[in-house]
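Heads up, the thing below is written out as structure tokens.
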Amino acid sequence: MSHADHVKSSIKLVCCARKKGYPGWPHVDYDHEGMMARYLPQLQEALPNCEFTVVYYSNAEEAKAGFADNDQYDGVAIFNATHGIGVANEFVCLGKPGVIVDELYAGSGDLVRLNTRINKEHLPIVVVASSNFSDAIQAIRLLHVRKQLASSKIVLFKNFEPISENMEAFLKEALGTGSTWKRYLAGPAGLQEKLNKLRENFGVEVVLKTKSDLERYYNEADLTEAQTVADRWLHGAQGCIEPSKEDVFNSARMYLGLKRCVEEEQVDAVSVDCIMMFYTTDLSVYPCMSHSQMCDDGLTGTCESDIDSTLTQLAIRYLTGRAGFISDPVIDTATNQIIYAHCSAATKWFGPESPAQPYFLRSHSEDHNSTSIQSIMPVGETVTTVKMDIENHAMALHTAKAVGNVSEEKGCRTKLAAEVPDAQVLLDNWDADVFSWHKVTFYGDYRREFLNLAKLYSMKAVQEDRAASGC
């Protein structure tokens, strides 16, 4: 577990409660205290890292005065349990992020009016109108996820040393005009601009390190421990196809070095500019296996110094406790499938305590070097795919059903095939200028939760598997 996994959140629960003796929905002398006494233990059990304070406001004037201390809390949730007293409306007027939970048949008439305003004015307020209280818990959980993200720190290994014209020409030929090339062209100034937006909008801090730092961590890894890790990977694999035992051993050294960095810097995620370093320097060990093992450990390791997908991975982990699979897309309209492909993947897809799935040790696909993983991912399950774009403050998402693992020499090693209702719609809605590749896939249907998270951050949300995309 990392630092942000231990973060505590202070959540203010506001119950809209009409004064005793007055008629109106839900009914005269309704027991609002009893209602909250039923809900509070459920919240405490589901969200043990949250501390809840319950208050009761009976009119707009009380609410306006009471909301003066909202900034002392990490989040505010309104229980809309009375119609017509103006408490929830006062909260909406603040225009601040929060959650409104409707108590059905109590404040429901107000809720319809409030939700209309929230949507028309694009306010960062999530509304829950459900007879299943777990939906309210999931919405309130997002307030804690915001606190976790704001407490997060990422270490990013980059190499900004100048390269020769010949090397740059090789790099452009190898990379084409994709996102890795664009990150190279953006340089230190472009990266810093993105990191400033990351800090401003999400509160996430980034520690920058160099290739020299990476080499130091690698070289100082304990060799005996590295051999133990390598033997475990080899023993657990269905097969070791291309890599030599030395390749696997060196990948274990990389894992231990990056793990030490995570521990020393007390960060929540690590990302390495691996393609750039491998193609333009003497780096000879990819971190694919390190990222895989970290995700199995309940940490976050991501490739190619992609800070957008790293942010997305963290949000997924905090919300679900599960690993995400960063991938490059292949869309097949003949089968209505999208194939998610990459050379780094977890084996424990339902949390660090879940069983490991089968895997093969492979070489990195593009250049047939070092060690990567071909993870055999579960099928028959719904998967959600998300990408949070920092520069445009936007989110793309879709859901699909995992149907198979593709064995194909072309492309990255791990390939999960998933069915969508209409692959052509997904292709047409895929905005590569904003979201590029490297969307993050994980198990479970979390469409509503991520739409709500986007709302709390006032992000544009694009449901790219829907014919009318956008929000």
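Listing for the model above:
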| quantity | calculated |
| --- | --- |
| Amide H contacts under 5 Å for residue 439, placed H, 5+ residues apart | 327 |
| Percentage of interatomic Cα-Cα distances in the stretch 212-310 larger than 17 Å | 49 percent |
| Cβ-based exposure ranking for 288, 303, in which fewest neighbours within 10 Å come first | 303, 288 |
| Burial ranking of peptide ranges 211-222, 42-53 (average Cβ count within 10 Å, highest at the top) | 211-222, 42-53 |
| Chain lengthening between residue 235 and residue 3 when straightened (0.36 nm per residue, less Cα-Cα) | 80.4 nm |
| FRET E, pair residue 227, residue 161, Förster distance 41 Å, beta-carbon r, rounded to 0.05 | 0.80 |
| Residue 219-residue 207 pseudo-label distance in nm [points 7 Å out on the Cα-to-Cβ vector] | 2.0 nm |
| Two-site label geometry, residue 61 and residue 403: point separation in nm, points 7 Å out along Cα→Cβ | 6.4 nm |
| Angle between the chain longest axis and helix 165-175 axis [Cα atoms, degrees, rounded to 10] | 60 degrees |
| Neighbour-count order for 27, 393, fewest beta carbons within 10 angstrom listed first | 27, 393 |
| In degrees, nearest ten, helix 179-202 long axis to first principal axis of the chain (Cα) | 30 degrees |
| Model label zone, residue 466; criterion: amide N under 11 Å from point 7 Å along Cα-to-beta-carbon; scope the stretch 396-421 | 397-398 |
| Length-normalised contact order of the chain in % [C-alpha pairs under 8 Å, at least 6 apart] | 13 percent |
| At R0 = 30 Å, FRET efficiency that the Cβ-Cβ distance of residue 10 and residue 105 yields, to 0.05 | 0.50 |
| Entries in 172/197; 197/460; 158/194; 439/460; 12/147; 96/120 that, when Cα-Cα distance is taken, lie over 18 Å | 172/197 |
| Segments 190-202, 273-285 sorted - mean Cβ within 10 Å per residue, highest first | 273-285, 190-202 |
| Helix-only CD estimate at 222 nm, as mean residue ellipticity for the chain, using -39500 (n - 2.57) per DSSP H run (n ≥ 4) | -12500 deg cm²/dmol |
| log₁₀ of I(q)/I(0) at q = 0.10, 0.14 Å⁻¹ - the chain, Debye sum with one point per alpha carbon | -0.76, -1.30 |
| For 36, 294, order by how many other beta-carbon atoms lie within 10 Å, fewest first | 36, 294 |
| Gain on full stretching of the segment that runs from residue 169 to residue 432 - 0.36 nm per residue minus C-alpha separation | 92.3 nm |
| Nearest-0.05 FRET efficiency for residue 71 and residue 45, computed from C-beta distance (R0 25 Å) | 0.35 |
| Qualifying trypsin sites (Lys or Arg not before Pro) for the stretch 1-91 [loop in DSSP, other Cβ within 10 Å: at most 16] | 8, 19, 20 |
| Separation of the residue 19 and residue 121 label points, Cα + 7 Å toward Cβ, nm | 2.7 nm |
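Any read-out appearing in this document is the output of simple, stated calculations on the displayed coordinates, not a laboratory observation. Keep in mind that this is a model prediction, so the values were computed, not measured. FYI the Cβ positions are ideal-geometry reconstructions off the backbone, even for glycines, and counts take in every protein chain you see.
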